[in-house]
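Take a look at the structure below.
The values are calculated or read from the model by the stated rules, or taken from the named source; none is laboratory data. Predicted model only: the values in this text are computed from it and were never measured. Please note: Cβ atoms are built from the backbone with ideal geometry, for glycine as well, and neighbour counts cover all protein chains shown. The area values use the complete protein model at the heavy-atom level, side chains included, leaving out ligands, DNA and RNA. Shrake-Rupley method; radii C 1.70, N 1.55, O 1.52, S 1.80 Å.
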Amino acid sequence: METEENERAAINSFVSRKVDGIIAVPVSKSPSFIEGVSASIPVVLIDRYYENTFLPYVCTDNYAGARRATEYLLSKGYRNIMAIQGVRSSMPNKERVKGFLDAVRLGGIPDAEGFVTGDSFSVENGAREIEAVLSAGMKIDAVFAFSTTILLGVIRSLREHGLRIPDDMAVVSFDDNVFLDYMDPPISRVAQNTDRMGEATVDILMKLMSSSGSGGESGMEDGQMLIMPELIIRGSC
């Protein structure tokens, strides 16, 4: 479970074992604890990061990915786009929301905040939010699911209501998985370059470990990376 207590326990366990370096996916709201650890052990964050921190990180450019996917939906003529988000406090989710909102506002939809809903990266969240929208009779012509788990819930709910993709509802997802090309229809999505993220994270950590042996503020100029995702277009929108 993603909790600050579990994060501290895991990192303290690594510290007690006197590891040479740590790669962490942070869940706490403040970087202070991990920054303190980095004074003695090099730490590199992956997938998530903190604003205004010296900690090195490698993450997807979630803002750019969400904005590009939303702009594509707008270019195809969809105007009533519903975004189903994950954990609201997580950095990736916040950046995806920003990218979505900026795209729809620039596309001439000023009240877009009302089209962002949801609260977890789960199948149940996707199904629940679609069910609520359809039950309320809201006019929606496209759905942007912020994860493949949310996407599965969306698809399940749409099928239960006899709605077809993309004839009745266009769909795009954040995150990539091979099974998405075997859906009917195949799903358009924002694909994170996870191989590149992993390689860059290890490269940064190895450089930190071979230099001072301490994370600290060293390397902050070139140790914070956002990697551009790829928009893969398939038959769902």
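Give me the number: length gained by fully extending residue 156 to residue 30, i.e. 0.36 nm times residue separation minus the C-alpha to C-alpha distance, one decimal in nm. All intermediate terms of the calculation are to be shown ahead of the outcome.
Working: separation 126, 0.36 × 126 = 45.36 nm, distance 3.66 nm.
Computed gain between residue 156 and residue 30 is 41.7 nm.
Is region 74-195 best put as rounded, prolate or oblate by its Cα gyration tensor, with a ≥ b ≥ c the root eigenvalues, rounded for a/c under 1.5, and otherwise prolate when a/b is larger than b/c, oblate when not? The partial results should precede the final answer.
On the way: a/c = 1.27, a/b = 1.02, b/c = 1.24.
Note, shape of region 74-195 comes out rounded.
In this label model, residue 10 and residue 51 are separated by 2.5 nm, measuring between points 7 Å along each Cα→Cβ vector. Residue 73 sits among other residues whose Cβ lies under 12 Å from its own Cβ, and their net charge, with Lys and Arg +1 and Asp and Glu -1, is +2.
Run the accessible area of the chain with a 1.4 Å probe and give the carbon-and-sulfur part as a rounded percent. Mind showing how you got there, number by number?
Numbers: 5770 of 11400 Å².
On the chain, the fraction of accessible area on carbon and sulfur atoms equals 51 percent.
Amide H to amide H, with H built 1.01 Å from N, residue 165 comes under 5 Å of no residue 5 or more places away or on another chain. Couplings 3J(HN,Hα) of region 23-37, computed from phi: 10, 10, 9, x, 10, 6, 7, 10, x, 4, 5, 5, 4, x, 4 Hz, in residue order, whole Hz [Karplus 6.51 cos²θ - 1.76 cosθ + 1.60, θ = phi - 60°; x for Gly and Pro].
Adding -39500 (n - 2.57) for every DSSP H run of four residues or longer, then dividing by how many residues the chain holds, sets the calculated 222 nm ellipticity at -12500 deg cm²/dmol.
Taking a label point 7 Å from the Cα of residue 106 along the Cα→Cβ vector, which residues of region 164-184 have an amide N closer than 12 Å to it? Flagged as within label range: none. Based on protein heavy atoms only, region 52-188 ends up with 43 Å² per residue of surface accessible to a 1.4 Å probe. Put simply, when 70-76, 90-96 are sorted by average Cβ atoms within 10 angstrom per residue, most first, you get 90-96, 70-76. Counted over the chain with a bin width of 5 Å, the fraction of Cα pairs per bin, in whole percents, is 1, 7, 14, 16, 17, 13, 10, 9, 7, 4, 2, 0, 0. Placing +1 on the Cβ of every Lys and Arg and -1 on the Cβ of every Asp and Glu, with no other charges, gives the chain a dipole of roughly 280 debye about its Cα centre. Taking the Cα centre of region 1-134 as reference, the dipole from Cβ charges on Lys and Arg (+1) and Asp and Glu (-1) amounts to some 260 debye.
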